[in-house]
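Inspection log for the structure reproduced underneath, given as structure tokens.
The values are calculated or read from the model by the stated rules, or taken from the named source; none is laboratory data. Predicted model, so just to flag it, every value in this text is computed and none were measured. Cβ placement follows ideal geometry from the backbone for every residue including glycine, while neighbour counts extend to all protein chains displayed.
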Amino acid sequence: MASVWLTGIALVLAGPVPALLARARWTRSVPRAAIVLWQSVAVAAVLAAVGSALAAPEALLRVFLHPEERTGVALAVAVGAAAVLAGLIVVRLVVVLVLLAVRTRVRRARHRDMVDLLARADRGDAVGALRAGTVRVLDGAVPFAYCVPGRVGREGRVVLTGAALDTLCPNELRAVIAHEQAHLDARHDLVREGFTALHKAFPVIVRSREARDTVALLLEMLADDAGRRRHGDAAMAGALDAFASTGRAGYGTDVVERLERIRSHVRGGRALAVGTYLAAVALVVVPTITIVVPWLADALPVVGIR
Ligand SMILES: [Zn+2]
């Protein structure tokens, strides 16, 4: 029975829950807590899938064999099948994560070197007064900004185009740099990487873009909040507006949502954040206590562990 419950939980957490959570508006007011909730959904889904793979062979043994027949070869086959099924899920996830991490780091190291090489020292000095060290200015007619995360012992880079410097007023520029620096300081890239790996590792039928894309948007909102806290709502909204009105990407849905959120001064309440964190913990703890622990108490004696 544990296997059926865990399969059900894994499917619900991989499909309907992300769909509902992606449409929820309240998450926009507590982006940090909402990201933790998304991470909890992902962890709970993976744990449920692994638990279901571990419990399924034992459940079949119970259905088809009497208690006295659940020994010897039948038991060994069931334990082996459980280990292989659960191992496949874990190994696939780990391999996807490691490959993604290695490729991303190689690409980023090249990107950092390139940016350092091409940076305009004269214009960088102008920004240097605002934030020394990490900011690089590249030639470019389209105003935009982004960051290239560092690795241990090496700082990341905040990259701006010359057009961004020409377009934004000093306060908007400071807000943009604070936004990008927040991505670097809080290692938002690692959160994104985790969801990208999960997206790639999940089978196509249960895979959805919602988790990855919504978490990416929530991370942008979290970085916007850093810019707003330091330099005000008007500066952050002005910078976003300037980038969208003059940039190639224009006013995409994400930018419109972020602008609306800043302009309506959305800031999350403490109670909502605490409730969201509690829900995140419950998602992992409740199935463990109510399903996995009773199943282990039943199944371990069958394989001789008491
Ligand atoms: Zn950003």
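So here's what we get for this one:
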quantity	calculated
Subset of segment 253-306 [of a type in the set (A, V, I, L, M), at pLDDT below 85 and under 15 Å from Val30 (Cβ atoms)]	Val266
Number of positions in segment 157-177 that are more than 12 Å from the ligand (Cβ to nearest atom) and either at pLDDT below 90 or part of a helix (DSSP H, G or I) (or both)	11
Filter result (buried (at least 19 other Cβ atoms within 10 Å of the Cβ) and free of Cβ contacts under 8 Å to residues at least 40 places away in the same chain) within segment 17-42	Val17
Single condition Ala145 does not satisfy, out of (1) within 16 Å of the ligand (Cβ to nearest atom); (2) closer than 23 Å to Val96 by Cβ	(2)
Some residue of segment 243-251 being aromatic (Phe, Trp, Tyr) and either without any contact (Cβ under 8 Å) to a residue 60 or more places away in the chain or under 23 Å from Thr161 (Cβ atoms) (or both)	yes
Options Ala14, Ala56; residue that is surrounded by 21 or more Cβ atoms within 10 Å (Cβ to Cβ) and of a type in the set (A, V, I, L, M, F, W, C)	Ala14
Conditions (1) in contact (Cβ under 8 Å) with a residue 60 or more places away in the chain; (2) hydrophobic (A, V, I, L, M, F, W, C); (3) buried (at least 17 other Cβ atoms within 10 Å of the Cβ): number failed by Ala45	(1)
Single residue of Ala226, Ala197, Ala186 found to be within 15 Å of the ligand (Cβ to nearest atom) and crowded, with 18+ Cβ neighbours inside 10 Å	Ala226
Cβ pairs under 9 Å, 6+ apart, first in segment 101-117 and over 9 Å from Val148 (Cβ atoms), second among the β-branched types (Val, Ile, Thr)	Thr104/Thr196
Positions within segment 178-206 being without any contact (Cβ under 8 Å) to a residue 60 or more places away in the chain and not in a helix (DSSP H, G or I), in sequence order	Ala186, Arg187, Pro203, Val204, Ile205
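For (1) within 21 Å of Pro18 (Cα to Cα); (2) within 11 Å of the ligand (Cβ to nearest atom); (3) of a type in the set (Gly, Ala, Ser), each residue gets a yes or a no:
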residue	(1), (2), (3)
Glu193	yes, no, no
Ala242	no, no, yes
Ser245	no, no, yes
Leu259	no, no, no
Ser264	no, no, yes
